[in-house]
Amino acid sequence: MLLALLAGQAGAAVQHDLYLCAAFNNGSRVMGSKDGSSNGLFVRSGVDEFKHIGVNYPLTASATFDPRDANVIYVACLSGVLRTLDGGKSWRLVTGWAETEPKAIAVDFNEPDTVYTGLPDGIVVSRDRGQTWQRREKGLPERGKYTQVVRSDRSRKGRVFIGCESGLYVTENGADSWQRVLVTTETVDDIQQSPHDPKLWIAVTQSAGALLSRDGGATWKKIDGVPSDKALYNVAFDARDAKRFAIGSWSHGLLLSEDGGATWTVRNAGLPEPTRVWRTAIDPDSGEIYAAIFGQGLYVSGDSGRTWRTVAGMQGASIQTFTFVPKPSR
Amino acid sequence: MKRILSLLSLCAVLAGPALAQPSATGPMPVPPADYTTDARRIAYVARANEVLQWYVDSIKPGDPATFAAGQIAVKLARREDAAAVSARVVELMSVPQSQDMFWMFPWTAISYLGRDQLTPEAKAAIRDAWRTYFPMRGDTENHWAMYYASLYLMTELYPNDPAAGWFNGKSSAENNAEARAYLIHWMDLATTIGQGEFNPTHYIGEYAIPMLYLATWARDPEMKIRGHMKLDWLLADLAENTLNGVLRGPNARTDDTSVIQRWMALSSYFSWQCFGNTPPPPSYGGFGVWFAVAAANYEVPEVVFRLANDRSQDYLQHDLKRSRRRWRYSDVLMAPVYKTNYMRHDYAVGSYQGGMADPIQTHVWDVTWAVPDPRGVHNTMFSAHPYASAQVMQTYFTELPDHMLELLAAQGKPSYDVPDKILGGSPYERVFQDLDTVVALYDIPAGTRYPRVNGFFSKDLANVTEDKSGWIFAQGGSTYLAYRPLAAFHWEHLLGYKQLPSTVGYKWERVDRGDKGDKLLVSPHLKNGTIVQAASAGEFKDFAAFQAAIVALPLEFKMDSVPTVKLKTLRGHEITCTFGEAPQVDGKKIDYSKWKLFEGPHLNAEKDSRKLTITHGRLERVLDFNTLTITDRVRPE
C-alpha cells in the first residue's frame, strides 16, 4: 500500500504496477531445502497474472522503490537489502554482515536518496540510495527495538514511523533521534498512513489490537470494533474511498470497515479455511481487495470481500507484501 | 520459516545409497593403545579413506543420481576419473541450484579439490553458478559459518572478479572483505564470551567442516591459522564432552533421536574420525564425507586425542557458552550459559543452569552411562518441562507469531509442540549440578501450555525399582542411578517418531513400542522437581547398598510456593536450591559471574581472553587468537 500515496497526492486515477514479495513452499521450507520454485519479487503482468522478476530468493519481506525512478527497487530479504537500479535486471546486496533479516524498508518520498531499513536489532539509514548504511538509533531503547515495520510520512521530509516490539517510535529529523509515541508490550506489526488525510494513521499490533491516530501519530486511540485477542498482521487503506479500511489477521481473517473504522465485518466467506490472512491490500486503481492466505496463495474480491476469486499463478504462495508503484513514475 | 533441517534427514539428500559401512556396522573400535604420532596418523587417514571408498562404491554406473556432489568430491580427493567427474559437474550445474549454504560449502570443496583436475568447462560451470544462483545467508551461526567460509574461499580462488560475477552483486574484493570480517567477528565472540550453538550433536559439522576448509585452502595465512585454531578449539570442546566418543548433554541443539540414543549423531562421526573411539553413524552422518575429503590436511593434536580417549581419571569442567541471539522480548541479545561437566569412567553428568539457550532443540541436562556398544542404546536419564511458546519462538526468530508452532513438525521438528516431548529447554526450569548430583526445579505458571514434567526412563535401564522412600532406583551399565520426582507422577509409554514419505515438508507418525520401549515419568504438577544422583557400581557392595546409601541421605523439599530442595549428596555435600535463587553448596552461594570461559583440569580460558589452554597429563597446547599462534609443549614433571 506504500505507494498508493503518490496516487492520492496527484488526485487522479493513476495506474499502478503491483509488486509482491512471495514464496512458495514457505510453510515447510527449511534452510538448505532442495527447491525448484521461483520466489522473491513478482510483478503484475495482466489481470490476475504475475511474473517473477529478479533474484530467486525465497525469504523476501518487503519492497519499496524510488519515486523518481521506479526502476530503482529495494527489497528487504533474509540476507539484507537487495537493490536494483535497472528495473530488476541486475541486483546488489547493498548491506553487509552486520545488517541481517530486515523485515521492512522505506524510502523517504520527500528525500528519495534516504532509505530506512528496520532490522531485528534496530534501524539503519542510507543517505545514498542504499550504497552505504549507518545505525541511527538515538532515542531507541538498547533492548526493545526489534523493528517489524518502517513507514515514512509522505507529508514531511525526515518524518518516519517504526513499529517495534516495544511500541511505535517516530523521528522528525531523518533518524537523528527517535521518540516513542505508543507503548506496547508486543510487536507493532504494521502502520499505514491514509492516502486521503496525511494526519490519519492506523497501526495494528500483535496483542494491542488496532489503533488510530488523527493527529499525525502524536496520540493513538484503540479501534473498538477490532478484536485484540489475537495478532493483527497488516492494515490497508483504500485510495479511492476514504472510509474503507482492511485488516489481515491469521486468526480473524479479513476484517473490513466501510465507515471509517466505526464498524468492522469479517469477510472470510469464500476464502480457504482456516482463513489465515497473512497480508491484505486494496488496489488503488480498482478498489479490489487482496487477501494473501498463508501457504494458499492470493485471493481477490471485487465486491468488498463478499465473494473471492483465486489467482491461479500464485496458488500455494505466501505473500509477504503488496507494493503498488505508480506507472507514470517509471 | 527458515530453520535448519535435521542432519540425519539430510543424510538422504547428501549421502549415497545405503551400503555396508565397515565401521558403522562392524565391531566396536578397539581403544587406541598406541599414541605415537605415526600410529594415530595412519589410523586417522585410514578412517577418512574408508569414507571415500564407501562413496566411490556407492556410484552405480548408469544411475546419475548416485554420482552427486559427495561422490564428485571423493573422486577428486582420490584424483580419479577427472574426465567423468568434469562431465558430471557440467551436467549438475546445468540445472537451477538450491540448498543455500549447504550448496556453497560442497561446491567450494569441489572447486578446490578440482583446481588441477576439472576441465575448464567444469570449472567455468561451477564458477558461473556462483553468479546465477543466489544462496540465502541463513539465520543461525552455523549457516553463517558455512556461508562466509565458502564465500571467503571462493573469492580467494577468483580474487579479481567484478561485482557482476557474483550472485550478490559484490566484487570478489568486497565479498572477501565481508566474509573475513564476519568470520573474525564470530571467532572473537566464541573465544571471549563463549561458543553459541554449543556442543551440538549434529551442527558440529557445520562449524568443523568450514574451519577445516579454511585451514586447508585459505591463501591468507591469518585465515588459514584461524581456521586451524578454531578447528582445534571445537574438537577440544568435543573431546571434553564425550564419553567414549559419545557426545552427551547439555547441548544447545540436538534432536529427538540423539537426545536419547546419544550415539546417533554427526558428532559420533567426528569422534570416530578424529579420535577413533566410537563407530560412525550411518552414512557417516551425511556430512562426514565433506570432512573426509580434506581430512588429510589436518592433524588432530595429540593432547586433544588423549583428552577424548582417556577416561581413567574423573574430571570436573565448568565452561561458559552463550545462547542463540534473542532478537526481542529479552533484556539481553545473547544470554550466558553456565555449563557443568563431570566425567567419570562409567558415566558422565552434564548440565547448564536451565532456561532457554536455543528455542527448539536444547537439551539441558542428563546422566549418560558408558556402554560397551552405544549403537541402538538409550543410555541416558533426565527430565524436562515440555515448553512450547509462540512468543519464545519470536524471541529467536524474526517471524510473525501464529504459524510457527504448527509448522515446526513439517520443518523437521516433530516434537516441538507435543505434551510428551523430552527435547527442549524451558524458562521454568532451573538446574544445579554438583559433581554427579543434579537438582532440577520447575516453577511453571498456571496456564502454561503443558503443565507437567517429563522424566525419561530408558528401555535400557535395568532393575528399575520404585522405593517407598520416593526414590526410583535403576541401573544403566555399570552405573547406579537414583531418580527422585518431587511431585506425584504416573508412567506412560514414550512414543517414538517415524518419518513418513512426503514430497512437501516432513510428515511423522507416533510409534508405540509398548513395554519394550522407553517410558516417561509424567508429573502433572506446576511446582515440581527432579533429583538424580549417580554412582559407579564399583563404589558399592551391591545395588541394595547404593539404595540404602541414597535413602539414608538427608533430604528436605517443599513444592508449595517456591520449589526448594535441601539435600546431602552421596559425595557429602550439602546442597540448597530454591527456584530463582543462587544455589548453595555447603553454605556457599554459587557465583556464576565468576565463571571462566573454560575451567578444569583439561581446558582453561579466561573470559574475554581469546586464549585456550588444552592440557592432558604433561601435554599442553595453547591456542592464542591474540597472537594467532599455536604453542605445544611438554610441561615439566
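Quick look at the values:
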read-out	value
Tail weight of P(r) past 20 Å, computed on alpha-carbon pairs of the range A:36-121, percent	33
Cα-based reach from B:LYS75 at 21 Å (exclusive), listing lysines while leaving out same-chain residues under 8 positions away	B:LYS60, B:LYS123
Eligible lysines near B:LYS339 by straight Cα distance, threshold 19 Å, same-chain separation 8 or greater	B:LYS321, B:LYS588, B:LYS589, B:LYS594, B:LYS596, B:LYS607, B:LYS611
Semi-axes of the equivalent ellipsoid for the range A:242-330, Cα gyration tensor, largest first, Å	19, 18, 11
The protein assembly as shown: radius of gyration and largest Cα-Cα distance (Dmax), Å	29.0, 94
Computed [θ] at 222 nm, deg cm²/dmol, chain B (DSSP H ≥ 4; -39,500 (n - 2.57); rounded to nearest 500)	-9500 deg cm²/dmol
0 to 90° range, to nearest 10: angle between helix B:141-157 axis and chain B longest Cα axis	20
Within-10-Å neighbourhood charge of A:ALA231 [Cβ basis; K, R +1; D, E -1]	-3
Nearest 10 degrees, 0 to 90: helix B:100-113 Cα axis against chain B principal axis	50
Normalised per residue, the volume of the convex hull around the Cα set of chain B (Å³)	155
B:LYS321, B:LYS527, B:LYS468, B:LYS498 arranged by Cβ crowding within 10 Å, fewest neighbours leading	B:LYS468, B:LYS498, B:LYS527, B:LYS321
Gyration tensor (alpha-carbon) shape descriptor, the range B:247-320, a/c threshold 1.5	oblate
Mean Cα-pair separation over length for the range B:315-599, i.e. relative contact order, pairs under 8 Å, 6 or more apart, %	18
Radius, Kirkwood style, for chain A when every pair of distinct Cα atoms is counted (Å)	19.4
Cβ-based exposure ranking for B:PHE543, B:PHE270, in which fewest neighbours within 10 Å come first	B:PHE543, B:PHE270
Calculated FRET efficiency for the pair B:GLU466/A:ASP128, C-beta based, R₀ 60 Å, to 0.05	0.25
Inter-label distance for A:THR185 and B:ASN160, nm, one decimal - labels placed 7 Å from Cα along Cα-to-Cβ	6.3
Gain in span if fully extended, B:ARG375 to B:ARG513, counting 0.36 nm per residue against the direct Cα distance	47.9 nm
Acute angle (nearest 10 degrees) that the helix B:266-275 long axis makes with the longest principal axis of chain B, alpha-carbon atoms	80
Anisotropy class of the range B:375-520 from Cα gyration tensor, a/c 1.5 cut	oblate
Relative counts (whole %) of C-alpha pair distances in the range B:315-599, using bins that are 10 Å wide	6, 27, 36, 23, 6, 1
Separation in nanometres of the label points that stand 7 Å from Cα toward Cβ, at B:THR119 and B:THR66	2.4
Relative contact order %, chain A, counting alpha carbon pairs below 8 Å whose residues are six or more apart	16
Calculated FRET value between B:ASP220 and B:GLU80, using beta carbons and R₀ = 30 Å, to 0.05	0.50
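Read-outs throughout are calculated quantities, based only on the coordinates presented, and are distinct from any laboratory measurement. In this text, all values refer to a predicted model and were calculated from it rather than measured experimentally. Note that each Cβ is placed from the backbone with ideal geometry, even for glycine, and that neighbours are counted across all protein chains shown.
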